[in-house]
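FYI, it's all coordinate maths here, none of it is from the lab. Just so it is clear, the structure is predicted and the values come from calculations on it, not from any experiment. Cβ sites come from the backbone with ideal geometry, for glycine too, and all protein chains shown count toward neighbours.
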Amino acid sequence: METKLTLKLSKQVIGRAKKYAKFHKISISKMVESYLESVTKSKNYSTEISPLVESLSGVIQLPEDYDLRKDYSDFLTEKYK
């Protein structure tokens, strides 16, 4: 069963939402419904960690001055030479 809902939004937000909806060929009502569905559905946060993953946790010790971003940047530079 569908029910009507009235919302108060700024004109700028409504304008951007209309453009987005038109571009993606979806109604604003469906956009709002999808958003509300995604933020309100129940989530199962109790993920069990396997013994193998637990045994590997903390195996690698990195120096305190290790720069992950620089290392990753160097990796990408080398990869796309």
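Restricting the chymotrypsin sites (Phe, Trp or Tyr not before Pro) of the chain to loop positions (DSSP other than H, G, I, E, B) with no more than 16 neighbouring Cβ atoms within 10 Å leaves TYR45, TYR66, TYR80. As a proxy for reagent exposure, ARG16, ARG69 were ordered by neighbouring Cβ count within 10 angstrom, fewest first; the result is ARG69, ARG16.
Separation of the range 1-33 from the range 61-80 is 43 Å, based on Cα centroids. For the chain, which GluC sites (Glu not before Pro) are both in a DSSP coil and crowded by at most 12 other Cβ atoms within 10 Å? Those that pass, being in a loop and sparsely packed, are GLU2, GLU48, GLU64.
Think of it as helices only: each DSSP H run of n ≥ 4 in the chain is worth -39500 (n - 2.57), and spread over all residues that comes to -17000 deg cm²/dmol at 222 nm. Dipole size of the chain about its Cα centre, with +1 on Lys/Arg Cβ and -1 on Asp/Glu Cβ: approximately 1240 debye, rounded to the nearest 20.
The simple Förster model, with R0 at 41 Å and r as the Cβ-Cβ distance, assigns ILE49 and TYR72 a FRET efficiency of 0.95. Kirkwood hydrodynamic radius of the chain, from the reciprocal of the average inverse Cα-Cα distance over all distinct pairs: 18.7 Å.
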